[in-house]
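Student: Please find one structure pasted underneath; my questions will follow.
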Amino acid sequence: MEDKITERVKDSRLMDNFLTNEKLLDRISRRLEPIEQMNAYYRCAIMEIETKFRVLSEQFSLKYDRNPIETIKSRLKSQDSILKKMNRKGIPVSLEAMEREIDDIAGVRVICSFVEDVYMLADCLLQQDDITLLEKKDYIKHPKDSGYRSLHLIVQVPIFLQNEKRPMKVEVQIRTLAMDLWASQEHKLRYKKQIPENEEEAISQELAECAQILASVDNRMQNLRAKLSDSRFQEDE
Ligand code: GTP
Ligand code: MG
């Protein structure tokens, strides 16, 4: 008899726990839902921008004898990185503030062959009537002290939902293969590495020199292309 009662008490505790967990899960999932929805919106915005570049890539391949786009890479910033960034910038934690203040939740990186292609592709994108340019940072004309070069555009693109048209922000980084080589190598070398303080300056200087060498290779390649392919890049008419 005693045992049966104990069993029942245990059962009811289990049930209580279960109900509490259910409620908790429900509460968590209700809180997660808007974040998940927002992530889905950003994924759609990435698709929109990627498609625009893929369409351009198709057109260039058909129309000209070459394709200026080497690769397109996209990423959605993780929730963890978003929260860290908001914290660092003293932004209050809310979905509205996140959407308003964080520009690089959706990121599309376009790697192209020549420096001229970077500007040409940026123009092609910005000419499209559903694209609004919010910010442009030209780290090719004005490289960062680190040596980093790339063209950054923050654009707004609409996504079309069932009953709604929603403008979304996307950070587009357009760079050459050489610029991308430098950025990825530098990231690999620096990321999570404890660089001794006394070596920091020499290492930064060497990285900046590597960036300059790559910039000069980019310019030489650009000049070679201008010499060799003037006629090949003309529209077939
Ligand atoms: P945020 O507010 O953090 O976006 O700073 P910001 O707007 O001043 O930075 P910006 O938008 O100019 O650059 C941010 C992105 O550019 C980074 O996420 C990197 O992808 C890239 N980037 C900028 N500087 C460097 C650099 O020195 N090295 C590498 N590897 N990437 C860089
Ligand atoms: Mg930024």
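Student: If you take the beta carbon distance between ILE91 and ILE213 as r and set R0 to 41 Å, what does 1/(1 + (r/R0)^6) give as a FRET efficiency, to the nearest 0.05?
Tutor: 0.60
Student: For every other residue with a beta carbon closer than 14 angstrom to the beta carbon of ALA208, add +1 if it is Lys or Arg and -1 if Asp or Glu, then tell me the sum.
Tutor: -3
Student: Could you work out how much longer the chain between ASP130 and MET47 gets when fully extended? Use 0.36 nm per residue separation minus the Cα distance between them, nm to one decimal.
Tutor: Length gained, ASP130 through MET47: 28.5 nm.
Student: Solvent-accessible area of LYS63, probe 1.4 Å, all protein chains present, reported in Å² to the nearest ten, please.
Tutor: Counting only protein heavy atoms, the figure is 70 Å².
Student: What is region 85-237 by shape, rounded, prolate or oblate, if you read a ≥ b ≥ c off the alpha carbon gyration tensor as root eigenvalues and call it rounded for a/c under 1.5, prolate for a/b larger than b/c, and oblate otherwise?
Tutor: oblate
Student: State the extension gain, in nm to one decimal, for the chain segment bounded by ASP103 and GLU36, taking 0.36 nm per residue of separation less the distance between their alpha-carbons.
Tutor: Extending this stretch completely gives an extra 22.3 nm.
Student: Considering only DSSP beta bridges with both partners in region 97-190, what is the antiparallel share in %, to the nearest 5?
Tutor: 75
Student: So, in Å, what gap is there between the alpha-carbon centers of region 159-203 and region 211-230?
Tutor: For region 159-203 versus region 211-230, the Cα centre distance is 23 Å.
Student: What are the residues whose amide H is under 5 Å from the amide H of ARG66, where those residues sit 5 or more places off or on another chain and H is modelled from the backbone?
Tutor: Amide H neighbours of ARG66, under 5 Å, 5+ apart: none.
Student: Relative to the present Cα-Cα distance, how much length would full extension add between LYS137 and ALA202 at 0.36 nm per residue of separation?
Tutor: Between LYS137 and ALA202, full extension yields an extra 20.7 nm.
Student: Enter the accessible area per residue of region 115-237 (Å², integer; probe 1.4 Å; all protein chains in place).
Tutor: Value for region 115-237: 66 Å² per residue.
Student: A further question on this structure: Checking the a/c ratio against 1.5 first, then a/b against b/c, what shape does the Cα gyration tensor give for region 148-237?
Tutor: Here region 148-237 falls in the oblate category.
Student: In nm, to one decimal, how far is the SER146 label point from the GLU22 one, both placed 7 Å along Cα→Cβ?
Tutor: 5.0
Student: At what distance in nm do the modelled label points of ARG54 and SER78 sit from each other, each positioned 7 Å from its Cα along Cα→Cβ?
Tutor: So the two model labels end up 2.6 nm from each other.
Student: Something else: At a 1.4 Å probe radius, carbon and sulfur cover how many percent of the accessible area of region 56-160?
Tutor: With neighbouring chains kept in place, the figure for region 56-160 is 48 percent.
Student: Quick one: 3J(HN,Hα) in Hz for region 90-102, Karplus 6.51/-1.76/1.60 with θ = phi - 60°, rounded, Gly and Pro as x.
Tutor: x, 8, x, 7, 8, 4, 4, 5, 4, 5, 6, 9, 9
Student: Using a cut-off of under 19 Å, list every residue of region 125-163 whose amide N is near the label point 7 Å from the Cα of TYR64 along the Cα-to-beta-carbon line.
Tutor: 125-128, 151
Student: Heavy atoms only, probe 1.4 angstrom, no DNA, RNA or ligands counted: give me SER61, SER204 ranked by accessible area, highest first.
Tutor: Ranking SER61, SER204 by accessible area, largest first, yields SER61, SER204.
Student: Okay, next question. Any idea of LYS193's accessible area? Nearest 10 Å², probe 1.4 Å.
Tutor: 110
Student: Kindly write out, for region 148-155 in residue order, the coupling ³J(HN,Hα) from the Karplus curve 6.51 cos²θ - 1.76 cosθ + 1.60 (θ = phi - 60°), rounded to whole Hz, with x marking Gly and Pro.
Tutor: Working through the residues one at a time gives 4, 10, 3, 9, 10, 10, 9, 10 Hz.
Student: OK, next. Could you pull out every residue, at least 5 positions away or on a different chain, whose amide H is within less than 5 Å of the one on LEU134? Hs are placed 1.01 Å off N in the peptide plane, and Pro or chain starts have none.
Tutor: For LEU134, whose amide H was placed from the backbone, the distant partners under 5 Å are ILE154, VAL155, GLN156.
The values are calculated or read from the model by the stated rules, or taken from the named source; none is laboratory data. Being a predicted model, the structure only gives us computed values, none of them experimental. So basically every Cβ, Gly included, is an ideal-geometry build from the backbone, and we count neighbours across all protein chains shown. Side chains included, ligands, DNA and RNA excluded: accessible areas come from the protein's heavy atoms. Shrake-Rupley method; radii C 1.70, N 1.55, O 1.52, S 1.80 Å.
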